[in-house]
Amino acid sequence: MTDMSHGYADMMSALRQSFASGLTRPLDWRSGQLDALERMLKENESAISEALVADLGKPEQEILLGELSLLYSEIRHARRKLKRWSRPRRVFTPMVGQPGRSWVQPEPLGVVLIMGAWNYPVQLVLSPLIPALAAGNCVVIKPSEIAARTADLMAELIPRYLDSAAVQVVQGAVDETTALLQQRFDHVFYTGGAVVGRIVMRAAAEHLTPVTLELGGKSPAVIDAGADLESAARRLVWGKCLNAGQTCIAPDYVLVSAEQREPLVAAMRSQLDAMYGSDRLASQDYGKIINRRHFDRLRAYLDAGTVAVGGQVDETGERIEPTILVDVKPDDPVMQEEIFGPILPILTVSDLDEALGFIKAREKPLAAYFFTRSKASERRFVDQVSTGNLCINDVLMFMSVPELPFGGVGNSGMGQYHGKAGFDRLSHLKAVMKRSRFPEIPVRFPPYSDFKMKLLRWLG
Ligand code: NAD
């Protein structure tokens, strides 16, 4: 452990020197790094696919949709906006500060640690890297060891394309990460579960280092009375089956009225047939569970309620059929933790009030979904549900809008990124005021008087 820490200390001091030298400050360097990152992805799409297939059995189209497209769009957006985001931002100076000018000046933080999770092992380390570089930081990347092939590939590619004086990759599991977290960073950007999130935050607190925690949670989907069930079913099963349900913003469970439940389940069954055929476990368009531990964890959930659709497993391939559970009770194990797999419990509620009450009685989710045709219900849902992200009549698609900040609230995390939110998160927004030396209005200086007091009140 001491040896490992020592190695990290050397790496950190080299990165600090690079940062202090001003290497990462010029906008040309930053956009050059974004270009290099784009080149890295474009030139290695097939190697990336191979690694993701080995780790998660991801279908080609899901790799494009869930990993690469998002990165390409974030890179393009950051490159286009870089100048504007990094410019001083003028703010209003009130009368008492006149004559004078005030502005907010973004500056890089220093050395940022990015720790990714295994479920989107390319996207989750590289999409925070984009704002980290755009904001002019040095970066240490710690990919998840659980998606081992992808982690190895990241460690091989990144030094070949990005400036090693500013970007380093550290590989390893708990021991290495524990040692790494003893180092002083200027920001720790963590994606993963809440248990480790607490460990990360505790370690960061030793250095008063700010953290961004991109966690998970049970993201609800609510079907309103009169909703378009066909469209809701199609979108929900797609969102649940993408990456075999191992998506932090996948709909975790569905709340629906008793009358709509059967038609919804029937629509989901026919959508699953249309997407994956009758032998769903054999479908080329459907991924695998990351490892045996998660496979066993998910299989145990199949005991809850009644299996309405699916329920088969393939032990050797570590695959679980897309499964819809009905008659699930709120205190069943499947309703206690984030499912993070292709199992969708459907619970019945009497109306929207009960659905809202159910959601509000639980931890704040990372995402919430509402299927409705009613403007009034939509307004109620948007106003009343506290969640990181919210989507009406679809799932997941807010990820395609770079101007929408992404991140959790409460138990689902803290801090947001994507687009400008990411740039601001990984910058310090330095507040600057410039005063004119003349004229000097002596109202704030002693000796104090009634007249000065009145004037001060008037000036506000
Ligand atoms: P994981 O096991 O890959 O862990 C995440 C990171 O923590 C890895 O880099 C790992 O090396 C490190 N780590 C693990 N144990 C550690 C320890 N004891 N000390 C220090 N570091 C340690 O990922 P996971 O936790 O299984 O991730 C799944 C969770 O992540 C789910 O809850 C999911 O919802 C959430 N998630 C959130 C987002 C988001 O953007 N908000 C995205 C993906 C996943």
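Mind checking which residues of segment 84-99 are polar (S, T, N, Q) and surrounded by 17 or more Cβ atoms within 10 Å (Cβ to Cβ)?
Listed by number, the list holds a single entry, S86.
For segment 299-319, filtered to residues that are among the small types (G, A, S) and part of a loop (DSSP other than H, G, I, E, B), the residue that is surrounded by the fewest Cβ atoms within 10 Å (Cβ to Cβ) is G317.
What pairs come up if the first residue lies in segment 131-149 and is basic (K, R), the second is in a loop (DSSP other than H, G, I, E, B), and their beta carbons are under 9 Å apart, counting only those six or more places apart or on different chains? Close Cβ pairs satisfying both conditions: K142/G116; K142/V170; K142/Q171; K142/G172; R149/P121. Scanning segment 129-153 for residues that are within 14 Å of the ligand (Cβ to nearest atom) and touching a Lys or Arg at 6+ places or on another chain (Cβ under 6 Å) returns no hits.
Of all residues in segment 408-460, those being in a helix (DSSP H, G or I), charged (D, E, K, R), within 48 Å of the chain's Cα centre (by Cα) and at pLDDT below 95 number 2. Out of D55, D28, D10, D35, which single residue is surrounded by fewer than 20 Cβ atoms within 10 Å (Cβ to Cβ), under 23 Å from the mean Cα position of the chain (by Cα) and part of a helix (DSSP H, G or I)? D35 is the lone residue from the list that is surrounded by fewer than 20 Cβ atoms within 10 Å (Cβ to Cβ), under 23 Å from the mean Cα position of the chain (by Cα) and part of a helix (DSSP H, G or I). Would you confirm, using the coordinates I've provided, whether G197 is within 16 Å of the ligand (Cβ to nearest atom) and out of contact with any Phe, Trp or Tyr (no Cβ under 7 Å at 6 or more places or on another chain)? Taking the combined requirement at face value, the residue does not satisfy it. Pairs are defined by a Cβ separation below 7 Å, a sequence spacing of at least 6 or placement on different chains, a first member in segment 154-167 that is under 19 Å from L124 (Cα atoms), and a second member that is β-branched (V, I, T) and in a helix (DSSP H, G or I); the pairs so defined are M154/V125; V167/I158. Filtering segment 202-239 to residues that are touching a helix residue (DSSP H, G or I) at 6+ places or on another chain (Cβ under 7 Å), within 16 Å of the ligand (Cβ to nearest atom) and not small (G, A, S) leaves V211, T212, L213, L215, P220. Filtering segment 332-343 for residues that are in contact with a helix residue (DSSP H, G or I) (Cβ under 8 Å, 6 or more places away or on another chain), more than 16 Å from the ligand (Cβ to nearest atom), in the same structural domain as A267 (by TED's automatic domain parsing) and aliphatic (A, V, I, L, M) leaves an empty set. Filtered by the rule that a residue be within 13 Å of the ligand (Cβ to nearest atom) and part of a loop (DSSP other than H, G, I, E, B), segment 394-407 gives L396, P405, G407. For segment 144-193, the set of residues classified as surrounded by 19 or more Cβ atoms within 10 Å (Cβ to Cβ) and acidic (D, E) consists of D186 only.
Within this structure, A225 fails the test of being without any contact (Cβ under 8 Å) to a residue 40 or more places away in the chain, within 19 Å of I392 (Cα to Cα) and assigned by TED's automatic domain parsing to the domain that holds S374.
What residue, of L109, L113, L82, is hydrophobic (A, V, I, L, M, F, W, C) and out of contact with any helix residue (DSSP H, G or I) (no Cβ under 8 Å at 6 or more places or on another chain)?
Exactly one residue qualifies, and that residue is L109.
From the list P322, P365, the lone residue that is closer than 21 Å to S231 by Cβ and either in contact with a Ser or Thr (Cβ under 8 Å, 6 or more places away or on another chain) or buried (at least 21 other Cβ atoms within 10 Å of the Cβ) (or both) is P322. Taking segment 368-391 as the range and being outside any loop (DSSP other than H, G, I, E, B), within 16 Å of the ligand (Cβ to nearest atom) and surrounded by 22 or more Cβ atoms within 10 Å (Cβ to Cβ) as the test, the residues that pass are A368, Y369, N389, C391.
Considering segment 244-298, and only residues there that are among the charged types (D, E, K, R) and within 15 Å of the ligand (Cβ to nearest atom), the residue that is surrounded by the most Cβ atoms within 10 Å (Cβ to Cβ) turns out to be D252. For the criterion of being in contact with a Pro (Cβ under 8 Å, 6 or more places away or on another chain), near the ligand (Cβ under 10 Å from one of its atoms) and over 26 Å from S377 (Cα atoms), T191 passes.
Conditions first: (1) free of Cβ contacts under 8 Å to residues at least 24 places away in the same chain; (2) within 30 Å of G100 (Cβ to Cβ); (3) surrounded by 11 or more Cβ atoms within 10 Å (Cβ to Cβ). R457 passes all but one, so which condition is the exception? In the conditions (1) free of Cβ contacts under 8 Å to residues at least 24 places away in the same chain; (2) within 30 Å of G100 (Cβ to Cβ); (3) surrounded by 11 or more Cβ atoms within 10 Å (Cβ to Cβ), R457 misses (3) alone. When we screen E321, E315 for residues that are more than 14 Å from K218 (Cα to Cα), free of Cβ contacts under 8 Å to residues at least 40 places away in the same chain and charged (D, E, K, R), the only hit is E315. What is the residue count in segment 100-122 for residues that are surrounded by fewer than 22 Cβ atoms within 10 Å (Cβ to Cβ) and either within 15 Å of the ligand (Cβ to nearest atom) or not basic (K, R) (or both)? Result for segment 100-122: 9. Of the listed requirements (1) of a type outside the set (D, E, K, R); (2) touching a residue at least 60 places away in the same chain (Cβ under 8 Å); (3) crowded, with 22+ Cβ neighbours inside 10 Å, N411 misses just one: (3).
The values are calculated or read from the model by the stated rules, or taken from the named source; none is laboratory data. Quick caveat: nothing in here was measured; it's all calculated off a predicted structure. Virtual Cβ from ideal backbone geometry, glycine too; neighbours counted across all protein chains shown.
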